[in-house]
Amino acid sequence: MDYTLSTEQEILRESVRSFAENEIKPVAQELDEKEEFSYETMQKMAELGLFGIFVSEQYGGQGMDYISYIIAVEEIARVDGSHAATVAAENSLGVGPLYYFGNEEQKKKYLPKLCKGETLWGFGLTEPNAGSDASNAQTTAVLDGNEWVINGSKIFITNGAAKITAGSTVLCRTGTRDDGRPELSCIIVETGTPGYTAKEMHGKMMWRASNTSELYFEDCRVPKDNLLGPRGDGFHQMMQTLDGGRLSIGAMGLGGAQGCLDMALKYSNEREQFGRPIAKFQVNAFKLADMAMEIECARLLLYKACWLRDNDMRFSKEAAMAKLYCSETMYRCANHAVQLHGGYGLMKEYDVERFYRDQKLLDIGEGTSEVQRIVIARHIGVL
Ligand code: COS
């Protein structure tokens, strides 16, 4: 069994870590405070090649493996959740469905600009009444001649309404299957299509510098050819996309937990109470030891799931486990890290305060922790 990363993966980690430290860390707190998406750091992340990492060079991607992508997300998340969210959502959920299910024409049309970071793309799955129960989507698409007519709405869509968002992949009811269940299909809707509006959502507790939106469709007409893959395959496509997406949320949990440990180590070695650094009190040393151990477990679980994916093996169960465990690891690490910072950990001038808030999304986005447990329980045959 070989646990070593390749030289390319090590170099990638070093370059993303140094970029995150130098370009993102200095602005992260202010952007969070202002609830502002930064087109400047977006541009810099694009220049570093953080979009389309696993897409083949033929479509403008970097042609790297999934583990490389996960390492990149992990390193950004070690410094800031919002920027990691922009990268993760763009790669897994924006680029993913077009790359894996699009036809040649669709791939050539959209992927090169997405991989250059010139455009962003939304993943239109969640609706006001279809969250965990994702297959209960109410948005409809009716074929009228050579056009789909779409009506409905989507909510909580990352990267869905930025100035550079070029469109979204939208899950719609397109009919009824033979077994009586709704036929669900994915349809591409470009920004600027009449009847399609994307609106930014504000007032978030976490990931405040990422773009979150609501999408509205009112008699929105798109060409019949905007169907992504075969009609009726939409839910499978979305679920398959989420399997990969869950690995990137796992990377956010892992990177965020590592960031919490790094901050906690620094602070508790510097901060003195009762005449010695607080890290030297066993009660605190044990917290730090637990954090280090859990992060190691989380990394092994996540990288193993990525290895399965990179080797074309089934990984749905492992993706659910990695997403769940990494999220909960960050939950415990953020809690310990704030505790170790004492009163300062409650103040916005300390990054750990933001990490504590940002963590919560990981228990909810791309399938709640409860949904991950359902997926795992089904895989082991108990549900
Ligand atoms: N990959 C491909 N297909 C999958 C799949 C996967 N990982 N998981 C399920 N499917 C397929 C099933 O095979 C089934 O196919 P058929 O209808 O052809 O038989 C179909 O999808 C429905 O599966 P299932 O019956 O298991 O769906 P449920 O309605 O019971 O839902 C859960 C299952 C709860 C796991 C699913 O709805 C889910 O993941 N919900 C959370 C959604 C989510 O993560 N949203 C966050 C979006 S933020 S970007």
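For segment 41-93, which positions are assigned to a helix (DSSP H, G or I), among the charged types (D, E, K, R) and surrounded by fewer than 24 Cβ atoms within 10 Å (Cβ to Cβ)?
Scanning segment 41-93 gives 44, 47, 57.
Where the second residue is open to solvent by less than 70 Å² (accessible area, probe 1.4 Å) and the first is aromatic (Phe, Trp, Tyr) and lies in segment 289-314, which pairs have Cβ atoms under 8 Å and are six or more apart or on separate chains?
As it stands, the answer is 303/67; 303/70; 307/67, since those pairs meet every condition given.
When residues of segment 233-245 are filtered for being buried (at least 21 other Cβ atoms within 10 Å of the Cβ), over 21 Å from residue 83 (Cα atoms) and hydrophobic (A, V, I, L, M, F, W, C), how many remain?
1
Is segment 131-143 home to any residue that is surrounded by fewer than 19 Cβ atoms within 10 Å (Cβ to Cβ), touching a Gly at 6+ places or on another chain (Cβ under 7 Å) and within 30 Å of residue 49 (Cα to Cα)?
Looking for residues that are surrounded by fewer than 19 Cβ atoms within 10 Å (Cβ to Cβ), touching a Gly at 6+ places or on another chain (Cβ under 7 Å) and within 30 Å of residue 49 (Cα to Cα), one finds none in segment 131-143, hence no.
For segment 307-320, name all the residues that are in contact with a Gly (Cβ under 9 Å, 6 or more places away or on another chain) and among the hydrophobic types (A, V, I, L, M, F, W, C).
315, 319, 320
Which of the residues that make up segment 281-297 are within 16 Å of residue 338 (Cα to Cα) and out of contact with any Cys (no Cβ under 6 Å at 6 or more places or on another chain)?
Answer for segment 281-297, where residues must be within 16 Å of residue 338 (Cα to Cα) and out of contact with any Cys (no Cβ under 6 Å at 6 or more places or on another chain): 283, 284, 285, 286, 287, 288, 289, 290, 292.
Since residue 32 meets every condition but one in (1) touching a residue at least 24 places away in the same chain (Cβ under 8 Å); (2) in a loop (DSSP other than H, G, I, E, B), which condition does it not meet?
Unmet condition: (2).
Here are some conditions: (1) within 16 Å of the ligand (Cβ to nearest atom); (2) of a type in the set (Ser, Thr, Tyr); (3) open to solvent by 10 Å² or more (accessible area, probe 1.4 Å); (4) closer than 17 Å to residue 195 by Cα. Residue 168 meets all but one. Which one does it not meet?
(3)
Quick check on my filter: what residues within segment 191-200 are surrounded by fewer than 18 Cβ atoms within 10 Å (Cβ to Cβ) and either under 17 Å from the mean Cα position of the chain (by Cα) or part of a strand (DSSP E or B) (or both)?
Hits for segment 191-200 are 197, 199, 200.
In segment 362-375, how many residues are open to solvent by 30 Å² or more (accessible area, probe 1.4 Å) and either touching a helix residue (DSSP H, G or I) at 6+ places or on another chain (Cβ under 7 Å) or of a type in the set (D, E, K, R) (or both)?
Total meeting the criteria: 4.
For every residue, the table says whether it meets (1) in a loop (DSSP other than H, G, I, E, B); (2) open to solvent by 70 Å² or more (accessible area, probe 1.4 Å); (3) of a type outside the set (A, V, I, L, M).
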residue	(1), (2), (3)
157	no, no, no
174	no, no, yes
187	no, no, no
204	yes, no, yes
208	yes, no, yes
220	no, no, yes
231	yes, yes, yes
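If I ask for residues that are open to solvent by 30 Å² or more (accessible area, probe 1.4 Å) and charged (D, E, K, R), which ones from segment 144-155 would you list?
Matches in segment 144-155: 144, 147.
So, residue 290, is that one away from the ligand (no atom under 16 Å from the Cβ) and open to solvent by 20 Å² or more (accessible area, probe 1.4 Å) or not?
yes
Of the residues that make up segment 108-123, is at least one part of a strand (DSSP E or B), farther than 15 Å from residue 238 by Cα, open to solvent by less than 10 Å² (accessible area, probe 1.4 Å) and within 15 Å of the ligand (Cβ to nearest atom)?
Scanning segment 108-123 turns up at least one residue that is part of a strand (DSSP E or B), farther than 15 Å from residue 238 by Cα, open to solvent by less than 10 Å² (accessible area, probe 1.4 Å) and within 15 Å of the ligand (Cβ to nearest atom).
Within segment 338-355, can one find any residue that is polar (S, T, N, Q) and open to solvent by 70 Å² or more (accessible area, probe 1.4 Å)?
yes
Find the residue count for segment 89-107, including only residues that are more than 10 Å from the ligand (Cβ to nearest atom) and small (Gly, Ala, Ser).
Counting residues in segment 89-107 that are more than 10 Å from the ligand (Cβ to nearest atom) and small (Gly, Ala, Ser) gives 3.
In a helix (DSSP H, G or I), open to solvent by 10 Å² or more (accessible area, probe 1.4 Å) and within 16 Å of the ligand (Cβ to nearest atom) - does that describe any residue in segment 271-283?
Checking segment 271-283: not a single residue is in a helix (DSSP H, G or I), open to solvent by 10 Å² or more (accessible area, probe 1.4 Å) and within 16 Å of the ligand (Cβ to nearest atom).
Kindly list, by first and then second residue, each pair from a residue in segment 251-265 that is surrounded by 24 or more Cβ atoms within 10 Å (Cβ to Cβ) to a residue that is modelled with pLDDT under 95 and not in a helix (DSSP H, G or I), limited to pairs with Cβ atoms under 6 Å and residues at least 6 apart or on different chains.
none
Could you grab the pairs with beta carbons closer than 6 Å, sequence gap of 6+ or different chains, first residue in segment 356-383 and more than 10 Å from the ligand (Cβ to nearest atom), second one among the hydroxyl-bearing types (Ser, Thr, Tyr)?
As it stands, the answer is 359/331; 362/327; 363/327; 363/369, since those pairs meet every condition given.
The values are calculated or read from the model by the stated rules, or taken from the named source; none is laboratory data. Since the structure is predicted, the reported quantities are computational estimates derived from the model, not experimental observations. FYI the Cβ positions are ideal-geometry reconstructions off the backbone, even for glycines, and counts take in every protein chain you see. These accessible areas exclude ligands, DNA and RNA; they are computed on the full protein's heavy atoms, side chains included. Shrake-Rupley method; radii C 1.70, N 1.55, O 1.52, S 1.80 Å.
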